[in-house]
2 protein chains.
Amino acid sequence: MEIRQLLALGAAMLAMASAPAFAQDSKEPYVRVAEIEIDPAQLEAYKAAVKEQIEAAVRLEPGVLALYAVTDKENPARVLVFEMYAGVEAYRAHLETHHFKKYKDSTQDMVKSLKLRDTVPILLGVKPR
Amino acid sequence: MEIRQLLALGAAMLAMASAPAFAQDSKEPYVRVAEIEIDPAQLEAYKAAVKEQIEAAVRLEPGVLALYAVTDKENPARVLVFEMYAGVEAYRAHLETHHFKKYKDSTQDMVKSLKLRDTVPILLGVKPR
């Protein structure tokens, strides 16, 4: 098996993991990038809220493959979330969950700006576990 | 042991059994974000080069956990790479590899701008595979 095939298989396995509904699906994950500017005075509260949201989403939603939230080392109030869903439907379902709505409500006064980017994967290369 | 405790233990064991490999390490992954503006006329050549680089890095380097390359759907010449390494040493080693140097050489005339961001993870939430 070529490495290209192996990586495609890895990505497919990622999509399939814990999501029997997508097990037959060969489609690529749906990836979005959120860039969020936080009120520095409320950064710790924001981090707690986003952690709670991510933990719930990964645990409860079969179509949420990964939510990686990081802050910029140079500017800790600048947050980036790299989001991988099994498909666009999984993303839409995520927006309707209780934990996501709670996160949006509780952080609306902490967020100074929000930029959502829709993306097209070139290659989602991940080490086989 | 009460049934409540037994269930909690069961849940904890389940969580541990399916935890991602890097989550078992005491240290957190080292995460970087690269934002790259490509000459639109050379976008396909750039994509081929970055794919080759990512395939080699994930296959050959134990410390490269993930390299996720995506393009902006609104502006396909804008590329973002979300990079996860086992640690900062793994990142430094990556910069010295043959495949990375080949990628840098072959793409230097395709890249119009490059912004590298060092990050601090808030939470790297991933679905257990």
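The values are calculated or read from the model by the stated rules, or taken from the named source; none is laboratory data. This is a predicted model, so every value here is computed, not measured. No Cβ is skipped: glycine too gets one built from the backbone with ideal geometry, and neighbour counts run over all protein chains shown.
If we keep just the residues of region B:72-85 that are facing chain A (nearest Cβ under 9 Å) and in contact (Cβ under 8 Å) with a residue 24 or more places away in the chain, which is surrounded by the fewest Cβ atoms within 10 Å (Cβ to Cβ)?
The residue in question is B:Pro76.
Condition test on A:Tyr46, is it of a type in the set (Ser, Thr, Tyr) and part of a helix (DSSP H, G or I)?
Answer is yes for this residue.
Out of all the residues in region B:55-64, is one or more free of Cβ contacts under 8 Å to residues at least 12 places away in the same chain, of a type outside the set (Lys, Arg) and surrounded by 17 or more Cβ atoms within 10 Å (Cβ to Cβ)?
Within region B:55-64 (the criterion being free of Cβ contacts under 8 Å to residues at least 12 places away in the same chain, of a type outside the set (Lys, Arg) and surrounded by 17 or more Cβ atoms within 10 Å (Cβ to Cβ)), the answer is yes, since at least one residue qualifies.
Going residue by residue through region A:43-60, is there one that turns out to be modelled with pLDDT of 75 or more and farther than 16 Å from A:Lys102 by Cβ?
Just the residues of region A:43-60 that are modelled with pLDDT of 75 or more, to begin with: A:43-60.
Now restrict to residues that are farther than 16 Å from A:Lys102 by Cβ: A:43-44.
The answer is yes, given that some residue of region A:43-60 is modelled with pLDDT of 75 or more and farther than 16 Å from A:Lys102 by Cβ.
May I ask you to verify whether A:Glu89 is surrounded by fewer than 17 Cβ atoms within 10 Å (Cβ to Cβ), touching a Phe, Trp or Tyr at 6+ places or on another chain (Cβ under 9 Å), of a type outside the set (A, V, I, L, M) and not in a strand (DSSP E or B)?
Values: surrounded by fewer than 17 Cβ atoms within 10 Å (Cβ to Cβ): yes; touching a Phe, Trp or Tyr at 6+ places or on another chain (Cβ under 9 Å): yes; of a type outside the set (A, V, I, L, M): yes; not in a strand (DSSP E or B): yes.
Judged against the criteria, A:Glu89 is a match.
Taking A:Ala93, is it more than 7 Å from chain B (Cβ to nearest Cβ), in contact (Cβ under 8 Å) with a residue 40 or more places away in the chain and over 25 Å from A:Gly125 (Cα atoms)?
Judged against the criteria, A:Ala93 is not a match.
Among the residues of region B:92-118, how many are farther than 19 Å from A:Thr71 by Cβ and assigned to a strand (DSSP E or B)?
Of all residues in region B:92-118, those farther than 19 Å from A:Thr71 by Cβ come to B:92-114.
Next, from what is left, pick out any that are assigned to a strand (DSSP E or B): B:111-114.
Matching residues across region B:92-118 total 4.
Which one is farthest from B:Ala93 (Cα to Cα), of the residues in region B:31-58 that are within 11 Å of chain A (Cβ to nearest Cβ) and small (Gly, Ala, Ser)?
B:Ala48
Condition test on A:Ala69, is it surrounded by fewer than 17 Cβ atoms within 10 Å (Cβ to Cβ), modelled with pLDDT of 95 or more and not acidic (Asp, Glu)?
no
Yes or no: A:Glu35 loosely packed, with under 15 Cβ neighbours inside 10 Å and either modelled with pLDDT of 95 or more or under 22 Å from B:Tyr85 (Cα atoms) (or both)?
Details: loosely packed, with under 15 Cβ neighbours inside 10 Å: no; either modelled with pLDDT of 95 or more or under 22 Å from B:Tyr85 (Cα atoms) (or both): yes.
Taking the combined requirement at face value, the residue does not satisfy it.
Can you report the number of residues in region B:114-129 which are in contact with a strand residue (DSSP E or B) (Cβ under 6 Å, 6 or more places away or on another chain), over 9 Å from B:Val33 (Cβ atoms) and at the interface with chain A (Cβ under 7 Å from one of its Cβ atoms)?
Result for region B:114-129: 8.
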